[in-house]
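Step one of this worksheet: look at the structure below.
The values are calculated or read from the model by the stated rules, or taken from the named source; none is laboratory data. Keep in mind that this is a model prediction, so the values were computed, not measured. Surface areas here come from the heavy atoms of the whole protein model, side chains and all, with no ligands, DNA or RNA. Shrake-Rupley method; radii C 1.70, N 1.55, O 1.52, S 1.80 Å.
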Amino acid sequence: MAGRMVGGSAALAALVRPASVPDPAAGHRLLPVAPELTGLLPHRGLRRGSTVAVTVGQPRHSGGTSLVLALLAEASRAGSWCAVVGVPTLGAGAAAEVGIALDRLALVPHPGPEWPTVVAALIDGVDVVVTAVPHTVAASVADRLAARARQRGCVLVPYGRWAGADVTLQVVRGVWEGLGAGRGRLRRREVTVSARGRGAAARPKEITMWLPGDGLTRIIPRTAPASSPASAVGSRPGGFTVVGSV
């Protein structure tokens, strides 16, 4: 089953609540994230009303999309609706592999010039809204969208540079595994993810983890030698295995 492709104001309106209707799930409730990511977030989850940016590293396709999907997976699995705006290369198959429920995923690959209006409408009715950030976003527009997310209890996840985010995540290093001497296939990527922000997230953090390529995601303890074996301390539905701690 593919994620819902949203095209046109009528289809968009069918997904969202009227802005005048209060959100009973708003406030400071947390949406869950995978254990690998809890250490990067000040509340160990996605706090409703917050803005969590995922910046694009260099080169542009450096694991950012995989990080976005990993960020959504647990919230989606727990029943939250998610929307992704302006990322036409994001595939439903990749989303399903990490555990995102496709029947609660809205995709708006080409929002057009009315991008802020589309994002604002989705904020009114979706739990987590990921949006690719255009090259130039006026500070007033960014502030209005962040304020709307706070009011509506939505988690706004800008994908790109975004001033004023509560937390900013970025893949700063990445190494693929799977290729041998002239043969094999890429299977997974060991990445280092940094987090910085304001308030409770002011202290920079960094973890090294596997982004799923073969159904396995592990935390790599930063203090453990690379050759030291780690003992599994838990497993998660959907093929996630947590190893060690950060």
Accessible-area order (highest first, 1.4 angstrom probe) of the listed residues THR168, THR89:
THR89, THR168
Please list, in order along segment 68-83, the HN-Hα scalar couplings obtained from phi with the Karplus expression 6.51 cos²θ - 1.76 cosθ + 1.60 (θ = phi - 60°), rounded to whole Hz, x for Gly and Pro.
4, 4, 4, 5, 7, 4, 5, 4, 5, 4, 7, x, 6, 7, 10, 9
Ranking ASP166, ASP143, ASP124 from most to least accessible area with a 1.4 Å probe gives ASP143, ASP166, ASP124
What shape does segment 48-165 take by its C-alpha gyration tensor, where a ≥ b ≥ c are the square roots of the eigenvalues and a/c under 1.5 counts as rounded, a/b above b/c as prolate, and the rest as oblate?
oblate
